[in-house]
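A short reminder: the numbers here are calculations on the coordinates, not readings from a lab. Because the structure is a prediction, the values reported are computed rather than measured. Cβ placement follows ideal geometry from the backbone for every residue including glycine, while neighbour counts extend to all protein chains displayed.
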Amino acid sequence: MSEINSIEIIGYLASVMVAISLMMKDIIWLRWLNFVGCSLFVIYGIGITAWPVAGMNAFVAGINIYHLIKIYNQPKSAD
């Protein structure tokens, strides 16, 4: 049986993070966990020289950051 190398572990962690993010009800947690998963997929994609994987996940990570900035810059509602 072959050993699992570190890049494969990063790929598995990325998959788990994205899967967990999609179970979140809180949009902020969803965005943060998805961002972490996408960032790990960028590292994984670069590590296995899969440029479409790295590029697409870098794009999605950017979308997550954009939405997080929008969320954090919203004025607080006075309830």
Value of [θ]222 nm, deg cm²/dmol, for the chain, DSSP H segments ≥ 4, -39500 (n - 2.57) each, nearest 500:
-25500 deg cm²/dmol
Could you sort 53-65, 17-29, 34-46 so that the peptide with the highest average Cβ count within 10 Å comes first and the rest follow in order?
34-46, 53-65, 17-29
Furthest towards positive pole of dipole, Pro52, Gln74, Asn5, structure part the chain, Cβ charges
Gln74
I'd like the orientation of helix 27-47 relative to the chain: the angle between its Cα long axis and the longest Cα principal axis, in ° from 0 to 90, rounded to 10.
30 degrees
Pairwise Cα inverse-distance average, inverted: Kirkwood Rh of the chain (Å):
13.5 Å
